[in-house]
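Trainee: The structure under discussion is supplied below as structure tokens; questions concerning it will follow.
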Amino acid sequence: MSRIVHISPSTLAGAPSMLATAQRVFLGHEAVHLRCGDYARARDAIAAGSVPIAESDVDRAIFVDRVVQADLIHVHNFVPRFALEWLAELGVTARVPIVYQAHSPIGERPIYQDLSSDHGIDWAAKLAVAQAHPRMFPSFRILPNCLFRDGLSEDVRPWEEPNDPVRVVYSPSTDSSNRWARKSSPTFSANLGALRHARWAQVVTASDWPPEKLIALRRIAEFGIDEVVTGGFHLVTYETMACGGVVVNAADSEAVAALQMGARTAEAPPWLITNEQEFVDRMRELAHDSSALAAARRASHAYFWTHLRPSRVVVLYDELYREVGLPDSSQAPDAPDGLAADQLA
């Protein structure tokens, strides 16, 4: 068992807290996510299990209790100034490995430049999530996000009896004009509006839903629209695959390659890759071929649970941690079934 502390300035769509939870469940680590910002109560549901930390004496004591015992610190995007000062006062930056990881920049500082240089920390490793980010940080190591939410199950097999009309989930979490964070455009909105009136489709817009309800919805939906504007993709793609839905996105070749590299697989993801002009036509074609739709859903589900299952992804992070100095522990439990070394190749 190792003590791992994750620090972020916001929920980051729950990515740090999901990774910490999966590390506890599958590897037996004592992992915690300290969320040093983004304090609205509604954000607690997105980052279930995270500990909100504000600039106060009590929260500093909570922060110190975790950090001084850490065997490794994993920073996501950046450390807010007050927490960075606490780290410096404790002297942990010279004592334990500290890993930096770049995520999406929604509602934070722009991270098209390397924000890790602002911290005065000698990073043990620099990571970028395996989405659009590696092109912005070509020297960073690539690792996928760890999707680990209540309600996800490899045993779900929903594609045998498709809905009529087919159900389409559109769940934009942000309204941003950012180059890699945009989820919409005038063309996309017009075509989505036309899709809402199509007799063959039922579009469910799920904004600000609790994660558990959103997962429950994805389990009964044929399609999940991530975004078809930027050439990247987001956690919507992970969630849709995990629930056996067809992913609709516009991922370009670099984004696809990043996922393959991060997940250590030569297999390309079976997404319906399209654009803002053609996505409705592409979905209609598939929706009207029930056997092809069922096959696409099976392939999507299988890809996630083969290459991106949380029990596998946490091992990828653990390997990186060991490389940079996380102490090995003979007390850690065996890796879950299906995590033999040859399967990580």
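Trainee: Each label point is 7 Å from the Cα along the Cα-to-Cβ direction; what then is the distance between the points at ARG284 and ALA61, in nm?
Mentor: 6.4 nm
Trainee: If you don't mind, there's one more thing I want to ask. Using Cβ contacts closer than 10 Å as the measure, can you line up ARG199, ARG264, ARG218 from fewest to most? Walk me through the numbers on the way to the answer.
Mentor: Numbers: ARG199 7, ARG264 15, ARG218 27.
So the ranking, lowest neighbour count to highest, is ARG199, ARG264, ARG218.
Trainee: Right, here's the next one. Taking the Cα centre of region 238-324 as the origin, how large is its charge dipole in debye, to the nearest 20, when only Lys and Arg (+1) and Asp and Glu (-1) carry charge on their Cβ atoms? Walk me through the numbers before you get to the answer.
Mentor: Working: 8 positive and 12 negative charges, 83 e Å.
The calculation lands at about 400 debye.
Trainee: Please order MET241, MET1 by the number of other Cβ within 10 Å, starting at the fewest. The partial results should precede the final answer.
Mentor: Details: MET241 27, MET1 15.
With the fewest neighbours first, MET241, MET1 line up as MET1, MET241.
Trainee: Go through region 242-250 residue by residue and turn each phi into a ³J(HN,Hα) via Karplus (6.51, -1.76, 1.60, θ = phi - 60°); whole Hz please, and just put x for glycine and proline.
Mentor: Along region 242-250, the couplings run 4, 9, x, x, 7, 7, 10, 8, 10 Hz.
Trainee: Can you list the residues, at least 5 places off or on another chain, whose amide H is less than 5 Å from the amide H of ALA31, using H built in the peptide plane?
Mentor: ILE4, ARG24
Trainee: Using 0.36 nm per residue, how much length does the chain from GLU254 to ALA292 gain when fully extended, once their Cα-Cα distance is taken away?
Mentor: On the way: separation 38, 0.36 × 38 = 13.68 nm, distance 2.67 nm.
Extra length from GLU254 to ALA292 when fully extended: 11.0 nm.
Trainee: What is the sum of charges, Lys and Arg at +1 and Asp and Glu at -1, for the other residues whose Cβ falls under 12 Å from the Cβ of GLY49?
Mentor: Numbers: positive: ARG24, ARG35, ARG149; negative: ASP44, ASP150.
Counting the neighbours of GLY49, the net charge comes to +1.
Trainee: What is the local net charge at SER290, summed over the other residues whose Cβ is closer than 11 Å to its Cβ (Lys, Arg +1; Asp, Glu -1)?
Mentor: Details: positive: ARG297; negative: GLU160, GLU161, ASP164, GLU222, ASP289.
My count for the surroundings of SER290 gives -4.
Trainee: Only helical DSSP H runs with n ≥ 4 go in: add -39500 (n - 2.57) per run for the chain, normalise by residue count and round the 222 nm mean residue ellipticity to 500 deg cm²/dmol. It would help to have the intermediate numbers written out before the result.
Mentor: Details: 11 runs with 115 residues, N = 345.
When only DSSP H runs of four or more count, the value is -10000 deg cm²/dmol.
Trainee: Pairing the Cα long axis of helix 310-323 with the longest principal axis of the chain, what angle in degrees results, from 0 to 90 and rounded to the nearest 10?
Mentor: 30 degrees
Trainee: Which is farthest toward the positive dipole end of region 158-308 among TRP305, PRO211, GLN260, measuring Cα position about the Cα centre, with Cβ charges +1 (Lys, Arg) and -1 (Asp, Glu)?
Mentor: PRO211
Trainee: About the Cα centre of region 158-308, how large is the charge dipole given +1 on each Lys and Arg Cβ and -1 on each Asp and Glu Cβ? Please answer in debye to the nearest 20. Display every interim value, and only then the final one.
Mentor: Numbers: 14 positive and 18 negative charges, 38 e Å.
Using only the charged Cβ atoms, the result is roughly 180 debye.
Bear in mind that the values in this text are calculations on the coordinates, not laboratory data. Just so it is clear, the structure is predicted and the values come from calculations on it, not from any experiment. With ideal geometry, Cβ positions are generated from the backbone for all residues, glycine too; neighbour counts draw on all protein chains shown.
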